[in-house]
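What follows is a short report on a single structure.
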Amino acid sequence: MKRNLAAALLLLGIAVSAAHAVDVDGKILPGEYAREVSFDKGSFRLLWRIAGDKVFMAIDSDAKGWVAIGFEPTRIMANSDMIFGFVETSGGVRAVDAWSTGMFGPHPADTAQGGKDSILSFAGLRSGNRLVFEFSRALDTGDKFDKIIPAAGTFKIIWAHSQSMDFNAKHSKAGSAALDMGGSY
């Protein structure tokens with residue numbers, strides 16, 4: 001009896017975990033992400049889920065070029081930990097873990113500044129005039145060029161997208177917000 005109960009609880013735990021799992025595949029499925037916010041009348045939508053010591057994020061945008069999110073800037077873009085996503089029309093996907101060195105950039109890759117690439121996984125797809133870029137990383141990477149992402153509370157972000165795939169191209173739309181991280185799910 002105890003063995004059957006333990007097996008049933010284990011299966012229930014696996015089922016609940018699977019129901020809340022994020023598959024970083026470039027597709028956003030219903031219920032995959034716990035939190036969501038939209039900017040610029042839907043031209044940039046950010047979704048996220050915190051699971052254990054990791055954050056999973058998705059950007060859904062009408063950008064023709066790159067999309068980006070920055071964490072905890074000190075002034076405009078300065079000292080912002082940034083993730084750039086590139087989803088080519090050919091299907092190729094790239095991601096850059098960057099750090100903004102000034103109020104208006106530049107934002108070289110962490111690896112070019114002595115840091116590490118802390119992106120654990122990424123994927124993206126284009127469909128019609130929309131793109132989806134997903135990625136995951138640890139909440140606390142230990143890299144001096146990465147901000148600690150809190151599992152709960154308020155967290156300041158900046159967001160941007162471009163009409164170009166050139167990493168150094170200026171954004172066409174950008175903004176900032178304070179997110180309610182909402183805790184683990």
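The values are calculated or read from the model by the stated rules, or taken from the named source; none is laboratory data. All of these numbers come straight from a predicted model, not from anything done at the bench. Because the Cβ atoms are built from the backbone with ideal geometry, glycine has one as well, and the counts that use them run over all protein chains shown.
Observations on the model:
- For region 25-48, the set of residues classified as in contact with a strand residue (DSSP E or B) (Cβ under 8 Å, 6 or more places away or on another chain), in a loop (DSSP other than H, G, I, E, B) and surrounded by fewer than 15 Cβ atoms within 10 Å (Cβ to Cβ) consists of Asp25, Lys27, listed by residue number.
- Residues located in region 153-178, provided they are assigned to a loop (DSSP other than H, G, I, E, B) and either closer than 14 Å to Arg45 by Cα or not small (Gly, Ala, Ser) (or both): Gln163, Met165, Asp166, Phe167, Asn168, Lys170, His171
- Total residues in region 55-78, condition buried (at least 17 other Cβ atoms within 10 Å of the Cβ) and either without any contact (Cβ under 8 Å) to a residue 24 or more places away in the chain or not in a loop (DSSP other than H, G, I, E, B) (or both): 12
- Region 85-94, residues that are surrounded by fewer than 21 Cβ atoms within 10 Å (Cβ to Cβ) and either modelled with pLDDT of 95 or more or not polar (S, T, N, Q) (or both): Glu88, Gly91, Gly92, Val93, Arg94
- Test result for Lys170, loosely packed, with under 14 Cβ neighbours inside 10 Å and either over 23 Å from Gly31 (Cα atoms) or more than 16 Å from the chain's Cα centre (by Cα) (or both): yes
- Residues (hydroxyl-bearing (Ser, Thr, Tyr) and in contact (Cβ under 8 Å) with a residue 12 or more places away in the chain) located in region 37-54: Ser43
- Single residue of Ser172, Ser184 found to be more than 20 Å from Thr89 (Cα to Cα) and at pLDDT below 95: Ser184
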